[in-house]
Amino acid sequence: MPRSVWKGPFVDGYLLNKAEVARASSRNDIIKIWTRRSTILPQFVGLTFGVYNGKKFIPVQVSENMVGHKFGEFSPTRTFTGHSGDKKAKRG
């Protein structure tokens, strides 16, 4: 269920501060973040975030199409290695 409109999008406070500092310095460093639940805002466009997936930081370059989505959508936490019963397909 989506968040109600009158509340507005959820973004952790420290994330806004990190984005402002990165914009002011105009360097292209990766901003490491642990918040997968935060919504991507228009002021994040053009920045690169390293979103933590529980094991490593996945670099996410924010574009205009990502605005309104969550950071967690762009850094998968599980790796699919294939089904165990698919040995026939590989053999042949």
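The values are calculated or read from the model by the stated rules, or taken from the named source; none is laboratory data. Note that the coordinates shown come from a computational prediction; the quantities given were computed from them, not determined experimentally. Quick reminder, even Gly has a Cβ in these numbers, built from the backbone with ideal geometry, and neighbours come from all protein chains shown.
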Hits in region 35-61 - residues which are aromatic (Phe, Trp, Tyr) and under 9 Å from the mean Cα position of the chain (by Cα): Phe49, Tyr52
Scanning region 57-84 residue by residue, those assigned to a loop (DSSP other than H, G, I, E, B), of a type in the set (Val, Ile, Thr) and either in contact with a Phe, Trp or Tyr (Cβ under 8 Å, 6 or more places away or on another chain) or surrounded by 10 or more Cβ atoms within 10 Å (Cβ to Cβ) (or both) turn out to be Val62, Val67, Thr77
All but one of (1) on the phi > 0 side of the Ramachandran plot; (2) not aliphatic (A, V, I, L, M); (3) not in a loop (DSSP other than H, G, I, E, B) hold for Arg23; state the number of the condition that does not hold. (1)
Where residues in region 26-44 are farther than 16 Å from Glu73 by Cα and in a loop (DSSP other than H, G, I, E, B), which of them is modelled with the highest pLDDT? Asp29
Residues that are in contact with a Lys or Arg (Cβ under 7 Å, 6 or more places away or on another chain) and touching a residue at least 24 places away in the same chain (Cβ under 8 Å), drawn from region 10-32: Phe10
